[in-house]
Amino acid sequence: MKKSFSLLIVTLCALFATSCCPCRKASHKAHQPLLATTWVLEQIDGQNVASDNSSFKDACLILGNDGSFSGYGGCNSMGGKYVMTPSEARSQKDVAGKIEFGDIFSTKRMCPNDQLEMKLFRTLDKVDSYVVDGEKLLLLSGGELRLVFRAQQP
């Protein structure tokens, strides 16, 4: 019970902390499903990634129904496992909860600028919670917004 209450508080704090963020423009739209959606990376620690490196604009993440994830880091393919626990308060919509990524692996292609990709992998490894807000997936670590993804339109 105490753990669930703490998770609820962290989730609410994350929503309030990012309430004026430009990434929350989609808050009045229907929420994208968390699983089996292609999430395209937009920000790492508040930095827009597409403007930093043109190939990095293709970085994405896909959470499978089986507890595995796959994606692309901008140069290398990536994958691994995740463990997710929806918050009790919002589990019906599956829009917030705890998530941890592990066993992250990637291909080993030579990349002209692998600093951003390595930052993505390191940041993903530290994520502990998520919020789906419309077409945005917000990944947090210790209550701080670390990664922002946008649902890819078909």
If we only count strands (runs of 3 or more DSSP E) wholly inside region 1-101, which ones have 1 or more residues that are at pLDDT below 85 and over 13 Å from the mean Cα position of the chain (by Cα)?
77-86
Suppose we keep only residues that are more than 15 Å from TYR72 (Cα to Cα) and of a type in the set (Lys, Arg) within region 103-154. Which one would you say is surrounded by the fewest Cβ atoms within 10 Å (Cβ to Cβ)?
LYS126
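The values are calculated or read from the model by the stated rules, or taken from the named source; none is laboratory data. Because the structure is a prediction, the values reported are computed rather than measured. Every residue, glycine as well, gets a Cβ built from its backbone with ideal geometry; the counts of neighbours run over all protein chains shown.
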